[in-house]
Amino acid sequence: MISDRIKSNLSREFRESLLAKVGLVLLVAILIMGLFAPVLATHNPHTTGYFDDDGNAYPPMGVSYDSHQWVDGERVTYTAEPSADHYLGTNNIGQDVFSRLLFGARTSLMVGVFGTGLAVLIGVPFGLVSGYYGGRVDDAMMRVADIMLAFPSLVLALALIGVMGSLTIPIPDPFVFAGVADGMPASTPLPGTVTLVVGLVTWVWFARVARGEAMSIRNEEYVKAARSLGANDREILLKHVLPNSLTPVIVLATIQVAAIILLESSLSYLGFSGTTLSWGYEIQQGQDYLRTAWWVSTVPGIGIVLSVISINLLGDWLRDSLDPNIEGEGGGAG
Amino acid sequence: MTEELLRINGLSTRFFTEQGQVNAVDNFDLRIDRGDVFGIVGESGSGKSVTARSIVDLIESPGEITDGEIWYNEPDLADAVREDRPEAVDGTFVDLRRISPERRRSLRGTSFSMIFQDPESSFNPSLTVGEQIAEAVEVQRRASANPRSTRARTRSEEYSLGSFVLSSFLPSKRYVTEASRERAIELLELVGIPDPVERADEHPHEYSGGMLQRAMIAQALAGEPDVLVADEPTTALDVTIQAQVLDLLDELQSETGMTILLITHNLGVIARMCDRVGVMYAGEIVERGTLEDVFDDHVHPYTEGLLGSIPDIEGEAGRLQPIDGNVPSLLDHEMGDRCHFADRCPNAMEDCLEHPPEYDAEGSNDHAVRCVLAAQEYDERRAIPDGYFDETRPAGDKHVDPEDADEGPTVDEPQRPLEEPGGESP
Amino acid sequence: MSAETPPTSQPLVSVDGLEKYFWENDSVLDRLFGDEPVAVRAVDGLTFDIHEGETLGLVGESGCGKSTAGETLLRLQEPTDGRVEFDGDNVYDLEGSDLTEFRRDAQVVFQDPFSSLDPRMTIGDIVQQPLDIHDVGPTDERRQRVRDLFERVGLSVDQLDRYPHEFSGGQRQRIGIARALALEPEFLVLDEPTSALDVSVQAQVLNLLADLQDEFDLTYLLISHNLSVIRHICDRVAVMYLGEIVEIGPVEDIFEAPKHPYTEALLASVPRASTDERERDRQTLAGDVPSPRNPPSGCRFRTRCPMVIPPDDLEIDQEDYRAIMNLRERIERRDISLETVGGDEEFEFTDGSIPPADVDAFVDALRERVLDRELPARHAELVDGALAELASTDWDAAGTQLREVYASVCERDRPDLGEDGHPVACHLYADNECETLENVR
């Protein structure tokens, strides 16, 4: 289905674009981090700062007035600076920031991919049907879409979470089962409500793109030809309209993954994610200690920024390679 | 009393694309006399549009004029250039390829104007037609007042952002000067737009295709050019409207005596308009001469094939005699050094495996043909066997991507993409 | 292209009063804001027959509705009104297996060889698609059939796995023709099959179409704006203007002895590729095709017709009459900007009229603007009278004055196509028109 021309476009654009290479390297790094989190992590991300046999808090480093807890009537803190044991330090309750960064990448990517998938599954059929049939059907369906668009997505998401509650789905970790990652959590929680909600607030974009494509494709002569051959609407939608409208959907999906990662971070920052293994939650946790323990918030923040940038860079590359209109601009000799 | 106006020697324009170097125009020679209507006819991919654009200097990346001289007969220009660049001047002729880009640009509109196939994309939809023609008038006026200034348009205060904002509130401020508005209406009247006063205040979308084509001609005439280059001016129009526009061009030509270089794929339009004709194939002129030379006394089998392909509207014709095969590839590495038409030619001989020079042919003095048949009779014993080119010609089956059309050899595709940058015509 | 086919008693395709309107301003929002839907009358009452084995040409300029007619006739679009009989059955009533059979028997070849092939399917799959849809034979048989078709239309079978973009326009058009032939149809609608092709390639495709028709006994409806192609390939021709057929008849009659002024003008407008073209006596049409949203009353060609019929009691030169009719048109459309008459704000309009003293000068200036010829005294007087009404911006009165004197039969009555062998919808040829004229008076 992917023609040689598209392949050659992709490789040419990739060769010519430094940004695409940067994006790909970053994204691969983030993917590896997320996928192999249990293997790469140095500590169990849930393990808090611990006490030794004498009851002393360990490691008692970087004492500060801002980040402390009381243990046996003494002010101690569990926030450790980056060190050989904790590459990126620990947070205020002594959890390893590096390990949490890896597991946070998992959550972000899972929500991003599953949420986008859900949005595609809802939005694309909706848009294709709306655009293909047009007329009254289109009118009615697009008014629904307009109403969805009228709400700010964060507000809509919060409202939906309020109604549904925070539900997480534990996904068993194959590395732990295989025994190569001892001491790591046996399952990773997928924030189910959040995934559902981000899908529900972003499908409209896919519907609109798919509708536009369907509207133009339905007037293509090959669709008329198929109809004159006796093909029914379902066959035409599946065989002609869907495959030919996928290019912009793929580009949009890439960019939406980034948008959804941001949305997920916002929701978990606000405490709605249902899991603590999330970059947004981590930022929120660390923000009180910014003056003394900057790494707690900054590290997951950098994680968010880099993943969003890398995905967008790849999205640009895909768009440039797949969209003949943008490529054709240079010519003009008619 | 003909006087040479344009003398083009060895013009080559290449496009550098993914697939390789495309020789859109290859070692192209042309003479045009003042007051002539010269027609270039060819099929898509023959390089006729690129030729026109090369002459008017509108070739854009990835295209490039790689070689050649364009001598333009203009005594005033010759005097002005002689001091700076004596090598670019020959008598009253100036080589446009060797003068400064600024001076070259200042010739647009005043010496050379161009009209395009698709008038809709040549007008800005948010301004009235009158304003846009007045703008062309104004730009030409400044350019001719100060030929060195190419910034005539942008330097003027009237085009500042402030005045733009102001002009959206004050309709009366929209014309640069009252004089240019009147000139615009005059031009619209000249090109036969009924009720020019009313029409000048309308937007392009209120015009029909034929009227827009007229308006584009008006815009092109704003600078009273010596040469009007018309690139498929009637291809997008219906026949009744095409007839109107051709009548108009004909009238304008006989009134003003301007020279017209007409590019088209339509032999009927050529017959209707032109004194002299060049038939283009694969980036070069394969046959040239007066209209009679080419239509009645043609020598080149391609000319023959082209004329034989047209169904006759006047009478019941038998079977059409098409040319076999497809439009040739212009990719440098696929072209080879033979007669480019040999693979489709019914009379190809061994001699055709070498690139033929231009031979003089019977008929008028100007009749010349790039075909060995002008010098010798067809000899069946020397014919190239059938199937000879099948292996050496991947090009016929592999047409260049439509999506790369505007950078590749199919540059003359009848349906031109709409993203034609506007405002090039003045 | 085939020899004269004597009309059989039962035509293969019979079109009766076919109408197709498109509606603008027709969404829920437009309703909400109270915008009335506007009908675009793309096809407005077509009636014609196509007999077995013949090629009927449908010719007209862009926007005359010829392509819409072709698509509606194949039920690719639902008609607004009218019926189309194919082999005796009304196409729009077909359902189930009858409809499937119609889809097999009637096929279409489109204009644009770039958009008519799905870019994501191999050309082998494209040609096999109709066989798949109709479940014709086992897979091997389908493959073999595709190969046969490829050979028949002059394509090489080792290219089956390539994608459409690897082919030139002419080759793509051959692929489109192979697809249309896959189900062995009886009837083909050819919608501008060669207008996107170069002349040399066009000739190849036309020859191919002619051969196929002989070989498979096909019936063609050829839709084209190219009169040379129509002449070359058709047995009979229908000329369309603004959604209507103005003339229909055998190809020789249409081309050698056109009756309708539009057909005449159309034929005269085509530039011939011969050296005496410049000396040819041409008569070109002025003006543009009116909008199908609001077509002219009566005969739709009357706004451009060089032979529009003046009232019986009026003695007037055709060109003067044409000029007055054009002026009337503009007054009725209120398409004269009165404020700018006379240049530098010469005339002050207060409450929509100018001082009585200035009226004469105003009329002179206005006449100068809107009429480019001297009219005979009698008509000049009448026109001046109407223009004087405009001095008080009374458009209606000006229009009425002119209408009373100059109204033509061409605007009152819609001319009918006759019934004989070469019918034409024009009042110039109306023998039986007297009756309707009496009725009007």
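Details
- Amide H contacts for C:VAL308 (H built 1.01 Å from N in the peptide plane; partners 5 or more residues away or on another chain; cut-off under 5 Å): none found.
- Remark: mean inter-chain Cβ contacts per residue of C:161-168 equal 6, using a 10 Å Cβ-Cβ cutoff to other protein chain atoms.
- Cα gyration tensor category, rounded, prolate or oblate, for the range C:77-227 with a/c compared to 1.5: oblate
- Amide proton proximity set for B:ILE260, modelled H, under 5 Å, gap of 5+: B:ASP36, B:VAL37, B:PHE38, B:LEU228
- Cα-centre dipole for the range C:13-269 with unit charges at Cβ (Lys and Arg positive, Asp and Glu negative), debye to 20: 840
- Evaluating 6.51 cos²θ - 1.76 cosθ + 1.60 at θ = phi - 60° for every residue in the range B:318-324, the Karplus couplings come out as x, 5, 6, 10, x, 8, 5 Hz, glycine and proline recorded as x.
- Residues of type aspartates and glutamates that A:LYS21 reaches as a straight line, Cα spacing below 16 Å, ignoring anything fewer than 8 places off in the same chain: A:GLU13, A:ASP316, A:ASP320
- Adding -39500 (n - 2.57) for every DSSP H run of four residues or longer, then dividing by how many residues the protein assembly as shown holds, sets the calculated 222 nm ellipticity at -13000 deg cm²/dmol.
- Relative exposure of C:LEU227, B:LEU30, judged by other C-beta atoms within 10 Å (fewest first): B:LEU30, C:LEU227
- Relative contact order %, chain C, counting alpha carbon pairs below 8 Å whose residues are six or more apart: 16
- When each of C:HIS260, A:HIS43 is scored by the number of other beta-carbon atoms lying within 10 Å, the sequence from fewest to most is A:HIS43, C:HIS260.
- Rounded to the nearest 20, the size of the Cβ-charge dipole of the range C:112-245 about its Cα centre is 280 debye, with Lys and Arg at +1 and Asp and Glu at -1.
- Candidates C:ALA377, C:ALA268, C:ALA180, ranked by Gaussian network fluctuation over chain C, Cα under 10 Å, top entry: C:ALA377
- Remark: mean inter-chain Cβ contacts per residue of C:125-131 equal 3, using a 10 Å Cβ-Cβ cutoff to other protein chain atoms.
- DSSP-loop chymotrypsin sites (Phe, Trp or Tyr not before Pro) across the range B:331-389, with at most 16 other Cβ within 10 angstrom: B:TYR378, B:TYR388
- Look at where the Cα atoms of the range C:26-64 and of the range B:1-61 average out, and the two centres are 43 Å apart.
- Mean projected area in nm² (Cα convex hull; one quarter of hull surface) for the range C:318-407: 5.5
- Alpha-carbon Rg with Dmax, taken over chain C, Å: 26.7, 92
- A simple rule links phi to the HN-Hα coupling: the Karplus curve 6.51 cos²θ - 1.76 cosθ + 1.60 with θ = phi - 60°, which for the range C:120-134 gives 9, 10, 6, 5, x, 5, 4, 6, 7, 3, x, 5, 5, 4, 9 Hz, with x for Gly and Pro.
- Near the amide H of C:MET240, within less than 5 Å, lie the amide hydrogens of C:VAL59, C:GLY60, C:VAL246, all on another chain or at least 5 residues away, with H placed in the peptide plane.
- Shielding by partners - mean other protein chain Cβ count within 10 Å, residues of B:272-278: 2
- The protein assembly as shown: translational diffusion in µm²/s, Stokes-Einstein, Kirkwood Rh over Cα pairs, 20 °C, 1.002 mPa s: 61
- Overall size of the range C:13-269 from C-alpha positions, given as principal axis extents largest first: 54, 51, 36 Å.
- Per-residue 3J(HN,Hα) values for the range C:74-82, derived from phi via the Karplus relation 6.51 cos²θ - 1.76 cosθ + 1.60 with θ = phi - 60°, read 8, 6, 7, 10, 7, x, 7, 6, x Hz in sequence order (x marks Gly and Pro).
- Pairwise centroid distance, computed over Cα atoms, of the range A:160-192 with the range A:9-36, Å: 28
- Fewest-first sequence of B:VAL286, C:VAL91, A:VAL137 by Cβ atoms within 10 Å of each Cβ: A:VAL137, C:VAL91, B:VAL286
- Largest GNM mean-square fluctuation across C:ARG152, C:ARG333, C:ARG179, computed for chain C with C-alpha springs under 10 Å, falls on C:ARG333.
Every number in this text was worked out from the coordinates using simple rules, so none of it is lab data. Not measured: the values here are computed from a predicted model. So basically every Cβ, Gly included, is an ideal-geometry build from the backbone, and we count neighbours across all protein chains shown.
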